[in-house]
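Structure first, then comments.
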C-alpha cells in the first residue's frame, strides 16, 4: 500500500536527533509491551507481514505521533480484534467476558530461556530458476497495489544492478494475505543520483532487498 | 477464533481508538490483564523477555563480534560470508532478527549506513533495542536521500573519495556494520577492543572510534 509508513525520500521531518546513550525502554509499559509480543500464544495465521500491514493502516496522524511501542499495542489490539480473540470492550476494561479456545498454552518464564535462541528464517526451497543473476541490470516495477508490499515508492521505476542473490524468501505481499509463497530475493544497488537526481553522483549507492516480482529486466544498451 | 485478514485493520484501529484508555501505560496494563485472564500470556514470561532485552542483550553483544573480527582475519572472513552462522561461534544465542544477518565492512574507501525506511527493522539479537532516532521519521526518510547530511548530523564528515553504501532493510536480511579498527589499538585484547565499539558505529552513524579504552 502507498501509505504514511513508506517514508524513504520524504521531506519535512526535520533533523535527526542523535542520542549518545538511552535506556532500552523509556517507560515500563514499553518493556511490558515488548514482553507481551514475545510471550503471547499466537494463532497460527499471524505472521510478521500481517503485523506490518496492520501497523501501516494506523490513521496517518497516529502513525506519525504515537510512541513506537504504542503502535505495537495498537497493532496487536487490532489483530486480537480481527481474530475474534478480544473485543474492544475487553481491551478497554482488561477483563475477559468470553474465553478463548484452540490456542496453545502460553510459554512460561522457564521456557523463555530456550525460546530466546529461536531464530526465524524466511528462506525456502524453490523449484524454479531465478530470473536474474548478479551483475544484471534491472528496473524496479511501477506496479503498486493496496495490500502490503516491501517495494518502497522511492525505488519504483528506477534502474539498478543486482549485487546479490539470496535464494527464495517468503513474499511479504502474499504472506500478509496468509499465503506462504517463496520467490527469489536479490539485493539491488541503485545509484543515489538515479533515485534522487538532485544528489551529485559521487558513487553513493542505496541497496534494497527485492523479490523477483518487484523487478523487470533492462536490456543491455 | 476467526482467520485474521489484515485488509480490515483500518476499521479495527478506529474501533479500538474509540474504546481504550488514552494513557498508553493503562492500555498496555489492561492488555496484559486481559491476556492473562484469557490464558494467552504468562506474566512471568513477559518479565523474562523484558529482562533479556533490558539488561542482557544490547550493543555489547555486537561489539564482541566486531572485536573478534578485528583480531582474527579468518573469523572476519566467515563473518562476512555468513553472519548468522559466525555469531553462533561466539556463543551468541539470542535469535531475534538475526536469522539472515549480513555484515558489511567499512574500509578507507567505503562507509556503510543501515536504515529501514518502511518500518524499523534492526538486528535485535546482536544490538538489542534500537535507539529512538532510528525509528523516527527524520532518519527513515532522509538516510536514503541525503545520507551525507544525515551523517553530518551525527558528526561524521565524509570526504568525497569515500563512497556511502546505504542498506535499506526491505526484506528479512538484517545488516550490521563492521567498523574500521582504529590505529593505535595493535596488541589490544578482545575485551579492550570490544569496549570501544559503539552502537552507532554498528549502524553506521559513527565512523572513527575513539581509542580511549575502558575495558580490560
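Just so you know, all these numbers are worked out from the coordinates, no wet-lab data involved. All figures in this text were calculated on a predicted structure; none of them were measured in a lab. All Cβ positions, even for glycine, are placed from backbone atoms using ideal geometry, and neighbour counts span all protein chains on display.
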Semi-axes (Å, rounded, descending) of the ellipsoid equivalent to the range A:18-121 per its C-alpha gyration tensor are 23, 21, 15
The Rg/Rh figure for the range B:112-156, Cα atoms and Kirkwood Rh, to two decimals is 0.96
When chain A is treated as a Gaussian network with springs between alpha carbons less than 10 Å apart, the largest mean-square fluctuation among A:125, A:21, A:173 is found at A:21
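Taking a cut-off of 21 Å, what percent of all Cα-Cα pairs in the range B:76-216 are separated by more than that?
Working: 4234 of 9870 pairs.
In whole percent, the share of Cα-Cα pairs in the range B:76-216 beyond 21 Å is 43.
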For the range B:136-216, the Debye formula with one identical point scatterer on each Cα and no solvent gives log10 I(q)/I(0) at q = 0.14, 0.21, 0.22 Å⁻¹ as -0.56, -1.04, -1.09
A student applying the Cα gyration tensor rule (rounded when a/c is under 1.5; otherwise prolate if a/b is larger than b/c, oblate if not) would label the range A:124-194 oblate
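Could you give the Stokes-Einstein D for the range A:103-151 in µm² per second, using the C-alpha Kirkwood radius, 10 °C, 1.306 mPa s?
Working: Rh = 16.4 Å.
For the chosen part, D equals 97 µm²/s.
To one decimal place, what Kirkwood hydrodynamic radius in Å is obtained for the range B:19-131 from all pairs of distinct Cα atoms? Walk me through the numbers before you get to the answer.
Values: mean 1/r = 0.0600 Å⁻¹.
Its Kirkwood hydrodynamic radius stands at 16.7 Å.
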If one compares the long axis through the Cα atoms of helix A:68-82 with the longest principal axis of the Cα atoms of chain A, the angle in degrees, nearest 10, works out at 70
Gyration tensor on Cα atoms of the range B:1-56, a ≥ b ≥ c root eigenvalues, a/c under 1.5 rounded, else prolate if a/b beats b/c, else oblate, says prolate
Mean-square fluctuation maximum in Gaussian network of chain A, Cα pairs under 10 Å, restricted to A:129, A:177, A:71, hits A:129
For the range A:1-66, using Cα atoms only, the Rg and Dmax in Å read 15.3, 41
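What is the packing order of peptides A:2-9, A:72-79, taking the mean over residues of other C-beta atoms within 10 Å and listing the highest first?
On the way: A:2-9: 20.4, A:72-79: 24.8.
Final packing ranking: A:72-79, A:2-9.
At 25 °C and 0.890 mPa s, grab the translational diffusion coefficient of the range A:64-109 from Stokes-Einstein with a Kirkwood Rh over Cα pairs, rounded to a whole number in µm² per second. Display every interim value, and only then the final one.
Details: Rh = 12.2 Å.
For these conditions, the coefficient is 201 µm²/s.
Can you put A:202, B:166 in order of Cβ neighbours within 10 angstrom, beginning with the fewest?
Details: A:202 15, B:166 27.
Listed from fewest to most nearby Cβ atoms, that is A:202, B:166.
What is the antiparallel percent of DSSP beta bridges lying wholly in the protein assembly as shown, to the nearest 5?
Working: 22 of 37 bridges.
Looking only at bridges with both residues in the protein assembly as shown, the antiparallel portion is about 60 percent.
When the convex hull of the Cα atoms of the range A:32-187 is projected onto a plane and the area is averaged over all directions, what value comes out in nm²?
Details: hull surface 48.9 nm².
Mean orientational projected area (the range A:32-187, Cα hull): 12.2 nm².
Quick one: order A:180, A:83, A:141 by neighbouring beta-carbon count within 10 Å, fewest to most. Mind showing how you got there, number by number?
On the way: A:180 12, A:83 20, A:141 16.
By the 10 Å Cβ count, ascending, the order reads A:180, A:141, A:83.
Kindly give Rg over Rh for the protein assembly as shown, based on alpha-carbon atoms, with the Kirkwood expression for the hydrodynamic radius. Could the numbers behind the result be given before it?
On the way: Rg = 21.7 Å, Rh = 22.6 Å.
With Rh from the inverse mean 1/r over Cα pairs, Rg/Rh is 0.96.
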